[in-house]
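What follows is a set of notes on a single structure, which appears directly below.
The values are calculated or read from the model by the stated rules, or taken from the named source; none is laboratory data. Because the structure is predicted, anything quoted here is derived from the model rather than measured. Reconstructed Cβ throughout: ideal geometry from the backbone, glycine too, with neighbour counts over all protein chains shown. With ligands, DNA and RNA removed, areas are computed over all heavy atoms of the protein, side chains included. Shrake-Rupley method; radii C 1.70, N 1.55, O 1.52, S 1.80 Å.
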Amino acid sequence: AYKKIHAEQTKMIESEGFAFLNSKKNVQLGEEKKQIEKDLMESMMNQIQLSGIYALFYEEQDTREAKWLQNIYDYSKKQNYEKALLLCGASHRNSIMKKIPEFEKKETIKLNWTFYE
């Protein structure tokens, strides 16, 4: 199932490029792959080991993305600019989008985020 999803993503990237990478379909396929990864690890490892390894893997990604956003907000407080662009891997798109409302609540500066599809 994982290989099939990966092959579908690769085919769509080749045929549609950034339009696909920035699409809801790519986010959906990425989430399906993440679930398969988790299911695979659960089937291969004992539950105690899995929870630690799986949690550490996704905690590291979560921490890294939060640091990216914190750096953007910190920079934006110090610098005056009209427009900026954040480029990141397509697999980070969905989780970054989910983190922004948290930052918007706690930060004094409000940024006008636009995600292109």
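Using heavy-atom solvent-accessible surface (probe 1.4 Å) with all chains present, what is the largest-first order of Lys83, Lys77, Lys11, Lys34? Intermediate values should be presented prior to the final figure.
Numbers: Lys83 180, Lys77 105, Lys11 140, Lys34 60 Å².
Reading off the accessible areas and sorting them downward yields Lys83, Lys11, Lys77, Lys34.
Rank these residues by their accessible area, most exposed first, probe 1.4 Å: His6, His92.
His6, His92
In the full protein assembly as shown, how much of Phe103 is accessible to a 1.4 Å probe, in Å² to the nearest 10?
Number for this one is 10 Å².
Within 10 Å of each candidate Cβ there may be at most 12 other Cβ atoms; applying that plus a DSSP loop requirement, which GluC sites (Glu not before Pro) in the stretch 68-113 survive?
Glu82
Could you work out the Rg to Rh ratio of the chain, with Rh taken as the Kirkwood radius (inverse of the mean 1/r over all Cα pairs)? Before the final figure, lay out each step's value.
Working: Rg = 17.0 Å, Rh = 16.4 Å.
Rounded to two decimals, Rg over Rh is 1.04.
Below 8 Å, C-alpha to C-alpha, sequence gap of six or more: please give me the relative contact order for the chain in percent. Before the final figure, lay out each step's value.
Values: 45 pairs, mean separation 41.1, N = 117.
Computed over the chain, the figure is 35 percent.
Can you sort Leu86, Leu56, Leu111, Leu29 by solvent-accessible area, 1.4 Å probe, largest first?
I get Leu56, Leu86, Leu111, Leu29, largest accessible area first.
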